[in-house]
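Single-structure report; data block below.
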Amino acid sequence: MNKNKNKPTIRDVANKAGVSISTVSRVMNAPASVVESKRQRVLAAIEELSYQPNAFARGLIYKKSFTLGLLIPDIENMYYAGMIRGMQDACNKLGYSLMICNTDRDKERMLSYIDAFHEKQVDGIVFASDKMFPEYYEKLVGCRIPFVMVSSHSDEYEIPCVEVDDEAAAYDAAVYLIELGHRQIGMIGFNHENSISGPPRYAGFVRAMTEYGLTSNIANVKFASHYFEHAYQAAHELFTEHPPLTAVFCVADEFAMGTISYLRDRHILVPGQVSVVGFDNHRMAGMYIPKLTTISQPIYDLGHRAAEKLHELLTTGSVTVPREVLQHKLIVRESSRERATTI
């Protein structure tokens, strides 16, 4: 027996069998490539030492690091907690570790993290909720790292992805408000410049207003960055310019919270005077007061499927469904109601 208190390593096996580390690797990966005498010595050493390959040894054997990289734009955003949990659970099941980098939507930082993932020899990368700029694509392809996208897609490049239909989801949210009797409806959306989901969610709102003959509402839109306080300011601008509004569609739950907070500070009742609908259905949506009516994304499933899709790409070289669209759902809670007859 090995009397070393530490776990035996692949080097211990090689020394015990009197062979090189690469020979041990070949015995475990392609035993037929090793002559019988050496193979038997290695197998005997493995049994005597009770050797179990660690991650480094498995990397030597399979030429893989068993690590996936995740690039997210904003780790403070509550949306990503559910996504990361889904990815982590899938990685545990599939035998991977997960390495996470927060890019802050900064191009230089993004490119440096791709280089870092390359140096760490990650097996693949999940690219989350951001635009696939040419610089990113060229860097990823140049590093020869397989990658997939989640909560995003690329019209320019053929990249496997998992997402929801943002346009259809926003359309459903707007139609819900219309069917509640609201005719003066506003929207707080993402700035289009650096947002992958902003343009299609805006398009869904515009489609609903157009189909129901409410095109004047298309002017009732303000854009914000990605935080509560930005939505608060956008709500101030929206209601200053359009005080008759009785409903607002917000493209994120955090935006809905910022809007409700602004209205509360102005002593405007939600949903008594103004109905508010969010988007995401992260955990806080059901804890906020009032509880948010919102479009639910399957956030956990998006992360889980992204890891599974990347694993499929790594093991087979392709994916069965290149662009996978998961279903959204409208969750009705306390922040919306039928239009009040008096304001």
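The values are calculated or read from the model by the stated rules, or taken from the named source; none is laboratory data. Here the structure is a predicted model, which is why all the values come from computation and not from measurement. Neighbour counts run over all protein chains shown; Cβ positions are idealised from the backbone, glycine included. When the accessible area is computed, the model is the full protein with side chains, heavy atoms only, and any ligands, DNA or RNA have been set aside. Shrake-Rupley method; radii C 1.70, N 1.55, O 1.52, S 1.80 Å.
For the stretch 269-294, name all the residues that are open to solvent by less than 50 Å² (accessible area, probe 1.4 Å) and either of a type in the set (V, I, T) or over 13 Å from S335 (Cβ atoms) (or both). V270, V274, V276, V277, D280, H282, T293, T294, listed by residue number.
If the condition is being of a type in the set (D, E, K, R) and assigned to a helix (DSSP H, G or I), then the stretch 93-139 contributes K93, K107, E108, R109, D115, E119, E135, E138, K139. If you go through the stretch 15-27 and keep only what is under 10 Å from A45 (Cβ atoms) and surrounded by 19 or more Cβ atoms within 10 Å (Cβ to Cβ), you end up with K16, A17, V19, V24, V27. One residue stands out among those in the stretch 175-197 that are under 24 Å from the mean Cα position of the chain (by Cα) and more than 19 Å from E237 (Cα to Cα): the one that is surrounded by the fewest Cβ atoms within 10 Å (Cβ to Cβ), which is E193.
For the stretch 257-275, give me each residue that is over 34 Å from the mean Cα position of the chain (by Cα) and closer than 15 Å to P244 by Cβ. Quick ask: steps written out before the conclusion?
Looking only at the stretch 257-275, we keep the residues that are over 34 Å from the mean Cα position of the chain (by Cα), and these are 266-268, 272-273.
If the condition is that a residue be over 34 Å from the mean Cα position of the chain (by Cα) and closer than 15 Å to P244 by Cβ, then R266, I268, Q273 are the ones that fit.
I'd like to verify a number: residues in the stretch 257-301 that are among the β-branched types (V, I, T) and in a strand (DSSP E or B), how many? If you could, list the steps in order and put the result at the bottom.
Initially, the stretch 257-301 is screened for residues among the β-branched types (V, I, T), giving 259-260, 268, 270, 274, 276-277, 289, 293-295, 299.
Next, only the ones that are in a strand (DSSP E or B) stay: 276-277, 293-295.
Adding up the residues that qualify gives 5.
Return yes when L43 is more than 27 Å from H118 (Cα to Cα), at pLDDT 85 or above and more than 43 Å from the chain's Cα centre (by Cα) and no when it is not.
Yes.
Residues in the stretch 73-98 that are touching a strand residue (DSSP E or B) at 6+ places or on another chain (Cβ under 7 Å) and surrounded by fewer than 17 Cβ atoms within 10 Å (Cβ to Cβ): I75, S97.
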